[in-house]
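These notes are about the structure you will find just below.
The values are calculated or read from the model by the stated rules, or taken from the named source; none is laboratory data. Predicted model, so just to flag it, every value in this text is computed and none were measured. Cβ placement follows ideal geometry from the backbone for every residue including glycine, while neighbour counts extend to all protein chains displayed.
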Amino acid sequence: MTTTRRSLFAWLQAAPLTAVFFVFFIVPLGLIVMVSFWQATDYELIPAFTLQSYRDIVGNCGQPDDACVMLRTYVSTLELSLLTWAITLVLGFTVAYFLAFHVKSTLMQTVLFIVCTVPFWTSNVIRMISWIPLLGRNGLVNNALVGAGLVDQPVEWLLFSRFSVVLAFVHLYTMFMIVPIFNSMMRIDRSLIEAARDAGAKPWQTVLHVVLPLCKTGIVIGSIFVVALVMGDFVTVGVMGGQQIASVGKVIQTQAGVLQFPAAAANAVVLLAVVLLMIVALMRLVDLRKEL
């Protein structure tokens, strides 16, 4: 087969996936970008070019009262994302390390992985709602704290707060950090671990100087999953935050609900740009195409 025919055959193989990607990703994304520049009234959308929706994102920043509300919402969403990322990274690395280096049996590793995936057998909403009887004002945790005499009255910040939102995020997305880190750890040559021990390295030194650098690819992949999911999430924020915690995803949902599509589209474009910048920054830490 000549080189030209091989190239043509390769393009034909890629054509169906390219068409699906174009129709279901590029075209909708282009429509969102286009609508973000339209005008909107209380009754209709006007396909006329304007930057007003983008100006509203940074609006009121020169005023002392209630300034930069939307920008502060972006900062709040970023804080939730980074906090969730840090917690899931610690938990995911710890669980993956235990499964990879302390569980010797492949069967037991599989069983433990199945146990970790049990929560995924139900919907995200059900898993979030399950926290309410535990963290509510009259929930099990508050009843236990009051009964033990540790507090005089129920703790209010356990539910419908940033704490409960982050807790739900960690509950939902830690598995997305465990799997890629575990896969990277399983590819580490065990002779390197033995060499570090023979050289007198302590366990924490082995983890810091051998395991951590060699599973950097898994950490980056897990970080991309967690950051992208948290930045765009609005259901978790709405349920666990009791409609009191602001996030960009929640703002976009609200704007779309009141038919302010240009404003929602503009926020979606800005949010996508922010997430892509974060992903690019993460991918600069490791060449995924080379590592995978």
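List pairs: first residue in the stretch 189-208 and within 15 Å of residue 97 (Cβ to Cβ), second residue basic (Lys, Arg) and surrounded by 13 or more Cβ atoms within 10 Å (Cβ to Cβ) anywhere in the structure, Cβ distance under 8 angstrom, at least six positions apart or on different chains.
Within 8 Å, the pairs are 206/197.
Are there helices (runs of 4 or more DSSP H) fully within the stretch 18-103 with at least 2 residues that are at pLDDT below 90? List them.
52-57, 69-101
In the set 182, 160, 176, which member is under 22 Å from the mean Cα position of the chain (by Cα), touching a residue at least 60 places away in the same chain (Cβ under 8 Å), buried (at least 17 other Cβ atoms within 10 Å of the Cβ) and over 20 Å from residue 226 (Cα atoms)?
Just a single option satisfies the conditions, and that option is 160.
Here's the yes/no breakdown for (1) closer than 26 Å to residue 117 by Cα; (2) of a type in the set (Lys, Arg):
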{"position": "172", "(1), (2)": "yes, no"}
{"position": "182", "(1), (2)": "yes, no"}
{"position": "194", "(1), (2)": "no, no"}
{"position": "199", "(1), (2)": "no, no"}
{"position": "213", "(1), (2)": "no, no"}
{"position": "216", "(1), (2)": "yes, yes"}
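Looking at 251, 280, 239, can you tell me which residue is within 22 Å of residue 58 (Cβ to Cβ) and either part of a helix (DSSP H, G or I) or without any contact (Cβ under 8 Å) to a residue 60 or more places away in the chain (or both)?
Numbers: 280 fails: within 22 Å of residue 58 (Cβ to Cβ); 239 fails: within 22 Å of residue 58 (Cβ to Cβ).
So the residue among 251, 280, 239 that is within 22 Å of residue 58 (Cβ to Cβ) and either part of a helix (DSSP H, G or I) or without any contact (Cβ under 8 Å) to a residue 60 or more places away in the chain (or both) is 251.
Starting from the stretch 15-33, take each residue that is touching a residue at least 12 places away in the same chain (Cβ under 8 Å) and list its partners that are surrounded by 10 or more Cβ atoms within 10 Å (Cβ to Cβ) and assigned to a helix (DSSP H, G or I), counting only C-beta distances under 7 angstrom and pairs at least six apart or across chains.
Listed pairs, sorted by first residue: 32/265; 32/268; 32/269; 33/269.
Is at least one residue of the stretch 33-42 of a type in the set (Asp, Glu) and more than 20 Å from the chain's Cα centre (by Cα)?
Yes: one or more hits.
Please verify whether residue 80 is within 16 Å of the chain's Cα centre (by Cα), surrounded by fewer than 16 Cβ atoms within 10 Å (Cβ to Cβ) and touching a residue at least 40 places away in the same chain (Cβ under 8 Å), treating the condition exactly as stated. Give the steps one after another, and end with the answer.
Numbers: within 16 Å of the chain's Cα centre (by Cα): yes; surrounded by fewer than 16 Cβ atoms within 10 Å (Cβ to Cβ): no; touching a residue at least 40 places away in the same chain (Cβ under 8 Å): yes.
Taking the combined requirement at face value, the residue does not satisfy it.
For the stretch 115-147, give me the residue count where each residue is within 26 Å of residue 229 (Cβ to Cβ) and either touching a residue at least 24 places away in the same chain (Cβ under 8 Å) or among the basic types (Lys, Arg) (or both).
Total meeting the criteria: 12.
Give the stretch 193-223 a look and list any residue that's surrounded by 13 or more Cβ atoms within 10 Å (Cβ to Cβ), more than 20 Å from the chain's Cα centre (by Cα) and outside any loop (DSSP other than H, G, I, E, B), or say none. So that I can check it myself, show each step before the final result.
Taking the stretch 193-223 as the starting set, the residues that turn out to be surrounded by 13 or more Cβ atoms within 10 Å (Cβ to Cβ) are 193, 195-197, 201, 205-207, 210-212, 214-223.
Filter once more, so that each one left must be more than 20 Å from the chain's Cα centre (by Cα): 193, 195-197, 201, 205-207, 210-212, 214.
Selection gives 193, 195, 196, 197, 205, 206, 207, 210, 211, 212, 214.
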